[in-house]
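Structure, as structure tokens:
The values are calculated or read from the model by the stated rules, or taken from the named source; none is laboratory data. Since this is a predicted model, take the numbers as computed values, not measurements. Reconstructed Cβ throughout: ideal geometry from the backbone, glycine too, with neighbour counts over all protein chains shown. Heavy atoms of the whole protein, side chains included, go into the accessibility calculation; ligands, DNA and RNA do not. Shrake-Rupley method; radii C 1.70, N 1.55, O 1.52, S 1.80 Å.
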Amino acid sequence: MTPSSLHSLFPEPEMPRVAVLLPLPFQGTLDYMDPGLHLLPGDIVTVPLGNRRETGVVWDSTQNLPADLATRDNPPEIAASRLRRVIGRQNQPPLPTSLRLFITWVAAYTIAPPGMVLAMCLKAHLRGTDAPDLTGWTAAADLPENLRMTPARRAVLEALSNYRQMTTSDLSKASGSSSAVIKGLADAGAITSVILGSKLPFGRADAAYCPPRLADEQAMVATALREAVNNACFSATLLEGVTGSGKTEVYLEAVAAALDAGKQALVLLPEIALSAQWVERFARRFGTRPAVWHSELGQKARALTWTACMNGAAQVVVGARSALFLPFINPGVIIVDEEHETSFKQEDGVMYNARDMAVLRARQANIPIVLVSATPSLETLTNARSGRYRHLELPSRHGGAQMPETHIIDMRADPPPRGQFLSPRLIDALNTTFARGEQGMLFLNRRGYAPLTLCRVCGHRFQCPDCTSWLVEHRARGILTCHHCDHTEPMPRICPGCASENSLTAIGPGIERITEEAQHLFPDARILVMASDIQNGPTAMADATARISRREVDLIIGTQIVAKGWHFPHLTLVGVIDADLGLAGGDLRAGERTVQLLHQVAGRAGRAEAPGTVLLQSYSPEHPVMQALLSGDLATFMEREADQRRPGHWPPFGRLAALIISSEKEAASDQVAKALGRSAPQGDGVQVLGPAPAPLALLRGRHRRRLLLRTRRDIAVQPIIRNWLACVDIPSSVRVDIDVDPVSFL
Ligand code: ADP
Ligand code: ZN
Ligand code: ZN
């Protein structure tokens, strides 16, 4: 029997069935009927769900997934007579194929419902409404195959040739065709609506606006990156170079190459607070602002930027990890700046590492990716060593600026007075710095006044009622607050344990307390405090950095936000209050992370003519982390890390996935954790650790247990976890979060 005779035996139903993915935590797609809209995969549609309307995306019924990531079988088909109809197609171009494939892969890799990944993509999209301010039309990238051509339609398409964009009335005048013809072409998918350039919150970048004069070694690296972009195929490159070596300058040349080729570039930054300095720099190089993607963006700017990614008007997008899910139509390169940063890992909802998923996206889009860092992660270094990634290096600071000199202050030998935290040597160094008219910085990775408050009389400690965590005093605001759940209570005058007055004592320092001490010690110094809860957004952060650049500040006191890629030319002294802070706790990467963080902080010093000095206050100067920072020989340190992780198959030499079981009922958590423990997968190269109470055994009122699956590098964790979870009944009162490639072990 031939296919066509088969066809006549089973006449097509009048309404074809389409699979629609909704931005909701369902396992797969839902089927609907297409009421003659000729829907195609990617179309953004409105559908009924229960008694509401939802925005969804028409999904491909089959997508090629690698066997080890394939999702569970589809549920049985629902009879056509019971299906509901799609309400309508939204006035938006379809979601690009590459983005749909990416969503499927991210869901499979992270073992998250695909709808939740779609939700991240659609977050910007005005749900259930058409794109805002659609004031113009442009020709679609590809004409739909079965487009019915008429002279009137042809006239419209001709008027829009050469990427022209026109409003409906201009287009009607230029083509002599009515607005009904234009609407018909839009419905057929032959033309798409665009935001006209003048309405966009960014401009057209000019690759030739102000090219840098690169030093020889910079030029070599820039050429290699340009070639990678021009090759227009997948490649991964690690760009490693000390802070101030010109990495940004050089990777902007990769962006320029993408612009030259008429393609889009995506630059991921770990911290969106950095975007202001970055945008300024971009504007000096390319003559205009790039599109910026961050949380402060208003709903309208978001929707505009989202649409602009899809129609190509957004050439360069800089943003935090969520920018990875924008619907780029013609991507040419992805850059991940500060690739080692843990903030690329999203810890709630879909737990994904934007750095790793960016590599996946580049591979799917068949474009180059550049991972940039002064202190690359062991993961990326290992890929570079094995030859999977190309390794480009910029070994010295630009313009002859010297790397700062690092010293360790042994706090056992040179302690501060009781109840204070700055050692005499650090105080001397700061005084000398101010006397020379230069700037100093004090770093302590702890917000608030004190991490613990204790009653001197009865020993009462203030604990969060909902978390395994002490409450942190924020003295300026007169409160105690939990840094995990934001539970806040007023600071009492009387101890709740024994009713003593004036018995509550602050234990340990936070930056507020360091600021108080510094105000005493340096009454004439102009002090600026930088922390995520003080400058709580890119604008406030930009103001702060501008004040530093204008030399309106003598001393900067800050948390990890000051460690980021700032360029402060007049800063010559960096003091780290508690260099040992990150080493406590049994985290797999505690050493690596402390080296990266403190090296990054140190890199803020002496970036211009004046040489810089870094003073690390430590109670364990002999620790390999302190020694690595002292010598500046991070390569040897990372080799040692590798040697320690390799034998036990710890990442990157093996794979990890965590199961986090949580419930408001402790017994329920325990029961599920134990059941999972009993049915733990076994086999060569597969090991399960736990269950055990999580270090944060209570978080936001939920009791948490953890299991850790460790496998050999050649064994994928996803199918193991899927089979594992299928064996255990999980009551609705218990949640099991799956964290593939965990970064946090809390
Ligand atoms: P990194 O990203 O490695 O920290 P940057 O690209 O920020 O380094 O460069 C450090 C400083 O040196 C910046 O102020 C930058 O403008 C300047 N710089 C680097 N390379 C050049 C160059 N070729 N010409 C002019 N200035 C440069
Ligand atoms: Zn008390
Ligand atoms: Zn809490």
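Annotations for the structure displayed:
- Members of segment 305-325 found to be more than 20 Å from M357 (Cβ to Cβ) and open to solvent by 10 Å² or more (accessible area, probe 1.4 Å), listed by number: N311, G312, A313, Q315
- Residue among L571, L659 that alone is surrounded by 19 or more Cβ atoms within 10 Å (Cβ to Cβ) and outside the structural domain of L426 (by TED's automatic domain parsing): L659
Results for (1) at pLDDT 95 or above; (2) within 16 Å of ligand 1 (Cβ to nearest atom); (3) within 26 Å of S662 (Cβ to Cβ), shown as yes or no for each residue.
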residue	(1), (2), (3)
N445	no, no, no
H460	yes, no, no
C485	no, no, yes
T488	yes, no, yes
C498	yes, no, no
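- Test: residue in segment 221-236 that is open to solvent by 70 Å² or more (accessible area, probe 1.4 Å) and over 29 Å from the mean Cα position of the chain (by Cα): no
- For segment 79-89, the set of residues classified as open to solvent by 10 Å² or more (accessible area, probe 1.4 Å) and touching a strand residue (DSSP E or B) at 6+ places or on another chain (Cβ under 8 Å) consists of A80, L83, R84, R85, I87, G88, R89, listed by residue number.
- Options A435, A476, A525, A518: the member that is away from ligand 3 (no atom under 16 Å from the Cβ), out of contact with any helix residue (DSSP H, G or I) (no Cβ under 9 Å at 6 or more places or on another chain) and under 30 Å from A542 (Cα atoms): A435
- Selected residue (criterion: nearest to ligand 2 (Cβ to nearest atom)) from residues of segment 445-473 that are aliphatic (A, V, I, L, M) and over 26 Å from Q535 (Cβ atoms): V457
- In segment 341-388, the residue that is farthest from D741 (Cα to Cα) out of those that are in contact with a helix residue (DSSP H, G or I) (Cβ under 8 Å, 6 or more places away or on another chain) and of a type in the set (K, R) is R361.
- So V194, is it more than 16 Å from ligand 3 (Cβ to nearest atom), open to solvent by less than 20 Å² (accessible area, probe 1.4 Å), of a type outside the set (S, T, N, Q) and modelled with pLDDT under 90: yes
- Condition met for V370 (among the β-branched types (V, I, T), out of contact with any Lys or Arg (no Cβ under 6 Å at 6 or more places or on another chain) and surrounded by fewer than 24 Cβ atoms within 10 Å (Cβ to Cβ)): no
- Inter-residue pairs, beta-carbon under 9 Å, first of a type in the set (D, E) and in segment 451-479, second part of a loop (DSSP other than H, G, I, E, B) and away from ligand 3 (no atom under 14 Å from the Cβ), 6+ apart: E473/Y449; E473/M491; E473/G510
- The sole residue among I527, I577 that is hydrophobic (A, V, I, L, M, F, W, C) and surrounded by 22 or more Cβ atoms within 10 Å (Cβ to Cβ) is I577.
- Residues that are under 23 Å from C467 (Cα atoms), in contact (Cβ under 8 Å) with a residue 60 or more places away in the chain, surrounded by 14 or more Cβ atoms within 10 Å (Cβ to Cβ) and not acidic (D, E) are absent from segment 677-690 altogether.
- One residue from R412, R418 being within 22 Å of M626 (Cα to Cα) and either part of a loop (DSSP other than H, G, I, E, B) or within 16 Å of ligand 1 (Cβ to nearest atom) (or both): R412
- So E296, is it closer than 27 Å to A232 by Cα, in a loop (DSSP other than H, G, I, E, B), touching a Pro at 6+ places or on another chain (Cβ under 8 Å) and in contact (Cβ under 8 Å) with a residue 40 or more places away in the chain: no
- Residue match in segment 464-481 (condition: modelled with pLDDT of 95 or more, within 29 Å of R551 (Cα to Cα), part of a helix (DSSP H, G or I) and of a type outside the set (S, T, N, Q)): no
Listed here are the residues, each with its yes/no results for (1) farther than 15 Å from I557 by Cβ; (2) of a type in the set (S, T, N, Q); (3) assigned by TED's automatic domain parsing to the domain that holds V553.
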residue: L480; (1), (2), (3): yes, no, no
residue: C495; (1), (2), (3): yes, no, no
residue: R513; (1), (2), (3): no, no, yes
residue: S532; (1), (2), (3): no, yes, yes
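- Condition met for G387 (over 20 Å from L122 (Cβ atoms) and part of a loop (DSSP other than H, G, I, E, B)): yes
- Candidate set from segment 240-259 (those that are within 9 Å of ligand 1 (Cβ to nearest atom) and closer than 19 Å to I367 by Cα); member that is farthest from the chain's Cα centre (by Cα): V250
- Highlighted here are the strands (runs of 3 or more DSSP E) found entirely within segment 497-563 that include at least 1 residues which are within 16 Å of ligand 2 (Cβ to nearest atom): 504-507.
- Residues that are open to solvent by 10 Å² or more (accessible area, probe 1.4 Å), touching a strand residue (DSSP E or B) at 6+ places or on another chain (Cβ under 6 Å) and not aliphatic (A, V, I, L, M) within segment 251-277 comprise just one, K263.
- Those residues of segment 452-473 which are open to solvent by less than 30 Å² (accessible area, probe 1.4 Å), within 14 Å of ligand 3 (Cβ to nearest atom) and within 30 Å of the chain's Cα centre (by Cα), in sequence order: C464, C467, S469, L471, V472
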